[in-house]
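The values are calculated or read from the model by the stated rules, or taken from the named source; none is laboratory data. Predicted model only: the values in this text are computed from it and were never measured. Neighbour counts run over all protein chains shown; Cβ positions are idealised from the backbone, glycine included. Side chains included, ligands, DNA and RNA excluded: accessible areas come from the protein's heavy atoms. Shrake-Rupley method; radii C 1.70, N 1.55, O 1.52, S 1.80 Å.
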Amino acid sequence: MHPLEDIIDAVFSDRDILPTDVPQLDLYMDQILSLFEQCLGGGKRDPSDKLLTKTMVNNYVKEGLMTPVRGKKYTRQQIMQLLCVYHLKQTLRLSDIKALTGRDDVDFEACYTRLLAEKERMRSTIPPLLREHIPTNADDPNERLALCLALSEIACYLRRLCESLIDAIPEQTGGK
């Protein structure tokens, strides 16, 4: 097993799709899937995992998490919308994601760009905080379980905070 500090470094060194990675041209589904795999594939837990599939994207559109595609190409705005959905689906239910992304009054590129800035800030502040509180012997099963329980509880607090923010969204009138 790697030392816990190496694991922390690996987790917080994930790669993102930058707005500059997304072409100004509309993309076909296969091009979007390739972009996701190429840029985000290094963060997969298992190499055989799929980050995104055609079925997933079609379901996101069908469920109202994304605007419908016109023709066979996705616009830059839809790709940014898909990136937001991708990140939110890691922790939130689809109905909660729909409340955030299934709207026509959101600048998805601006929100995604803000996410990337926040992630950079978190990458510099969270690892040192974790290092202060990690057990001295992460190979001990009791220490590992206790740490995973604490980290899981932190994730629950943050998910509940997101849910509370979503619950406070005023109903959208007209349109969607």
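Which value, in Å² rounded to 10, gives the accessible area of Thr91 with a 1.4 Å probe and all protein chains present? Looks like 80 Å² after rounding. Considering the values [x] -0.62, -0.94, -1.13; [y] -0.47, -0.95, -1.27; [z] -0.57, -1.11, -1.40, which represents log10 I(q)/I(0) by the Debye sum over Cα atoms at q = 0.11, 0.16, 0.19 Å⁻¹ as calculated for the structure under consideration? It is the one labelled [z]. Relative to the longest principal axis of the Cα atoms of the chain, the long axis of helix 76-88 makes an angle of roughly 30 degrees.
Multiplying the residue separation of Arg131 and Ala150 by 0.36 nm and subtracting their alpha-carbon distance yields 5.5 nm.
With the simple model of a label 7 Å out from the Cα in the direction of the Cβ, Arg45 to Asp167 spans 2.7 nm.
For the chain, the solvent-accessible area with a 1.4 angstrom probe is 66 square angstrom per residue. Across the accessible surface of the chain, with the other protein chains kept in place and a 1.4 Å probe, carbon and sulfur atoms take up 56 percent. Considering only Tyr86, Pro128, Leu116, the residue lying farthest towards the positive end of the dipole of the stretch 79-176 is Tyr86, judged by Cα position with unit charges set on Cβ.
Per residue, the average separation of C-alpha pairs within less than 8 Å and at least 6 apart gives the chain a relative contact order of 24 percent.
Taking Leu18, Leu65, Leu100 as the candidate residues, the one with maximal mean-square fluctuation in a Gaussian network model of the chain, Cα springs under 10 Å, is Leu18.
Among the lysines of the stretch 18-113, pairs that are 8 or more positions apart or on different chains and have alpha carbons within less than 23 Å of each other number 20.
For the stretch 100-168, a simple Cβ point-charge model (Lys and Arg +1, Asp and Glu -1, everything else neutral) yields a dipole of about 140 debye relative to the Cα centre.
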